[in-house]
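Let me begin by presenting the structure, written as structure tokens, before commenting on it.
The values are calculated or read from the model by the stated rules, or taken from the named source; none is laboratory data. Owing to the predicted nature of the structure, the values given are computational and were not obtained by experimental measurement. Cβ placement follows ideal geometry from the backbone for every residue including glycine, while neighbour counts extend to all protein chains displayed. Surface accessibility is based on the protein's heavy atoms, side chains included, excluding ligands, DNA and RNA. Shrake-Rupley method; radii C 1.70, N 1.55, O 1.52, S 1.80 Å.
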Amino acid sequence: MATYSWTTDTSGDWNTGSLWSGGTVPPANADVIIDVTNPGSLYTVTIGATETQTVASLTLNAPNDGTNNPSGYLGGVLEMDGTLVFGAGSAGVIDGSLQSLVFSNSGTFVNAGTVAPFIQGSGNVLFTGTNGFYVENELQSIGTVVVDTSKIDTIISNTLTDGIYSANGPGTVIDLGGTLEGLTVSI
């Protein structure tokens, strides 16, 4: 599979080919890397509300690459307001340092699996698909977040043993399970 990297420490739309290695938008099922080249930089890559992108994997601010040291780290942020699909056969990994941030306003994640960054969802955010869903960091709702996947890793009896799930503010909710999981747990 081909690997495509964001090549600048400036914000921009995912669909701007000149901002990617090779001068073109990553094709479906590419391995995608969004990582700072200057540790003091902060920028946002945006998948717009009407856009759908398909990838094999996504890495944000790769761990252990020297760019995310605590004294100067800011990093690249993914704003995912459209649909992000992990292609057939993909493990659906969103990898990277735990300091990374994915912000979603009414976005849809299809076949996301293991998710390392902090994810904050506003509006109505949906995680769906056939991959097992596992949060390494925190999934925070400031709206409504629904996780309706074939498996939520790891629920043992009545205990959720993966990352932190938090619903912050009046009227916010995280619903785990649903038609694919066969259960509903509201946080």
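What to note about this one:
- Selection over region 138-159 of residues that are outside any strand (DSSP E or B) and at pLDDT 90 or above gives a count of 2.
- Count - residues of region 33-49 that are under 13 Å from Ser100 (Cβ atoms), open to solvent by 20 Å² or more (accessible area, probe 1.4 Å) and not aliphatic (A, V, I, L, M): 2
- Failed item in (1) open to solvent by 40 Å² or more (accessible area, probe 1.4 Å); (2) without any contact (Cβ under 8 Å) to a residue 24 or more places away in the chain, with Gly132 passing the rest: (1)
- Looking across region 79-137, the residues that are of a type outside the set (A, V, I, L, M), over 16 Å from Ile174 (Cα atoms) and part of a strand (DSSP E or B) come down to Glu79, Thr83, Phe86, Asp95, Gly96, Thr114, Gly129, Thr130, Asn131, Gly132.
- Checked against (1) closer than 19 Å to Tyr4 by Cα; (2) modelled with pLDDT under 70; (3) crowded, with 18+ Cβ neighbours inside 10 Å, Asp65 meets all criteria but (3).
- Residue selected from region 97-109 under the condition without any contact (Cβ under 8 Å) to a residue 60 or more places away in the chain and either open to solvent by less than 10 Å² (accessible area, probe 1.4 Å) or aliphatic (A, V, I, L, M) (or both), by the criterion farthest from Asn29 (Cα to Cα): Leu98
- Verdict on Ser11 being modelled with pLDDT of 85 or more, small (Gly, Ala, Ser) and closer than 23 Å to Ser104 by Cβ: yes
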